[in-house]
Amino acid sequence: METTLPLDRMSKEEKLRVMEELWADLSRDESQVASPAWHGEVLHERAAAVKSGQETFMDWEVAKQQLRERRK
């Protein structure tokens with residue numbers, strides 16, 4: 001089945017709505033979507049960076065505030 005969307009005639013809001021609907025449908029059964037091997041590799045690298053002190057965590061609310069300040 002081939003579905004074609006009139007992307008050139010859709011508003012940004014319409015495109016985002018379609019993306020959200022697609023994501024909701026795809027994520028209904030997570031067991032059917034396998035993560036690629038590189039996801040595990042990246043997670044391992046990031047965990048090692050945190051363990052070694054190269055990376056740290058920040059409270060999400062603090063991070064959002066800092067990002068908002070940078071945009072000013």
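Where a number appears in this text, it was derived from the coordinates with a stated rule and is not lab data. This is a predicted model, so every value here is computed, not measured. No Cβ is skipped: glycine too gets one built from the backbone with ideal geometry, and neighbour counts run over all protein chains shown.
For Lys64, the lysines whose Cα falls under 16 Å of its own Cα, not counting residues fewer than eight places away in the same chain, are Lys72.
Between Ser35 and Arg9, how high is the FRET efficiency from 1/(1 + (r/R0)^6) when r is the Cβ-Cβ distance and R₀ = 35 Å? Nearest 0.05. So the FRET efficiency works out to roughly 0.50. Report, ordered by chain and residue number, the aspartates and glutamates lying within cross-link reach of Lys51, taken as a straight Cα distance under 16 Å and ignoring same-chain residues fewer than 8 apart. Within the straight-line limit of under 16 Å, Lys51 reaches these aspartates and glutamates: Glu41.
The candidate values are (1) 5.6; (2) 9.1; (3) 4.7; the one derived from this structure for mean projected area of the Cα convex hull in nm² carries the label (2). Full extension of the chain between Leu26 and Thr56 gives 7.6 nm of extra length, using 0.36 nm per residue less the Cα-Cα distance.
Here Lys12 is the anchor, and the aspartates and glutamates within straight C-alpha reach of less than 19 Å, apart from those fewer than 8 places off in the same chain, are Glu20, Glu21.
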